[in-house]
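Shown next, in structure tokens, is the structure this report addresses.
The values are calculated or read from the model by the stated rules, or taken from the named source; none is laboratory data. As the structure is a prediction and not an experimental result, all values here were calculated from the model. Note that we place each Cβ from the backbone using ideal geometry, even for glycine, and neighbour counts take in every protein chain shown. Just the protein is used for accessible areas: all its heavy atoms, side chains included, with ligands, DNA and RNA removed. Shrake-Rupley method; radii C 1.70, N 1.55, O 1.52, S 1.80 Å.
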Amino acid sequence: MGAYKYITQTLQKQYKERDAVYRNKIMQWRAGPAISRIERPSNISRARTLGYQAKQGYIVVRARVDKGRRTRRKTMGGRKHKNNYRFVQPQMSHQAIVEQRVNRLFRNMEVLNSYWVGEDGNYKFYEVILADPAKPSVNISSAIRGGKAFRGLTSAGNSRGPSKKKGDNKKLRRKKLQATPYHFTPYVKKVKAEAVPRPAPKQAQKAAPAKAPAQHQHVAPAQHSSPAQHAPAQHQHAPQHASNAPAAQHGSHAHDAHAHPAKPSEHEAHRPAEHAKHEHKK
């Protein structure tokens, strides 16, 4: 591939400098027909990379296409809204359009690929590689007649959208999906946790104090299980309270009632006589 490297550099230099050789070629191509078959490719390195071989059944066709936007044909249908536009967007590149035009002319052959060779102010020039699948020397699968240029299966057709050749066909995709394991964990039934006891309703909370005496009856024997033990302590302290704090006797009648019987005080004893004297004076 040493020679092909220098050929590519020479062609690139001619296009950048616009030398006399390149300008003469463009002038001849522009004066000639729009689609013409040539004996050998202009850029042999690029043609061999895209599948060209110097064998029976392979040909190269040079074609030109107008640059810029594509104008529509003028119709005589009157001034209607459907005719009120000037340019058409075919959603295809210039190279894809050239491949389809060439394949319509050479219908018994299949387009392998195409490449750019030059351009001027009005036109772009491409060379299209064609192969005849009926020839025994053409034994490549890409030469099978299938209208690849019209189905977007060439390199120029694939540039307008996502590539369809890179993906597997439907049968291979189905096999791969069957072979791949599941990407999610299997479902496992969860065990329910023990239920948390619910709080008692408000009616039950209001009725709860009614059960308090039963609890007191159960606790009372434990607190007063030995009344004999507490009785002496009350009798021992009773005299002390009577001697040391006589005022406490009035406040604790229940406690003193067990120790000494109640006696009328001097004030209460003289009260009837005082009332009698007072009534006598009146």
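Observations, loosely collected:
- For the cross-link pairs 124/148; 80/124; 5/25, the ones whose C-alpha atoms lie over 25 Å apart are 80/124.
- Highest-first arrangement of 48-59, 81-92, where packing means the average Cβ count within 10 Å: 48-59, 81-92
- Accessible surface of residue 177, taken over heavy atoms with a 1.4 Å probe and every protein chain present, rounds to 130 Å².
- Cleavage-rule hits (trypsin sites (Lys or Arg not before Pro)) in the stretch 125-154: DSSP loop, at most 12 neighbouring Cβ within 10 angstrom: 151
- R0 of 25 Å, Cβ-Cβ distance residue 170-residue 91: FRET efficiency to nearest 0.05: 0.45
- Efficiency of FRET from Cβ geometry, residue 36 and residue 15, R₀ 30 Å, rounded to 0.05: 0.90
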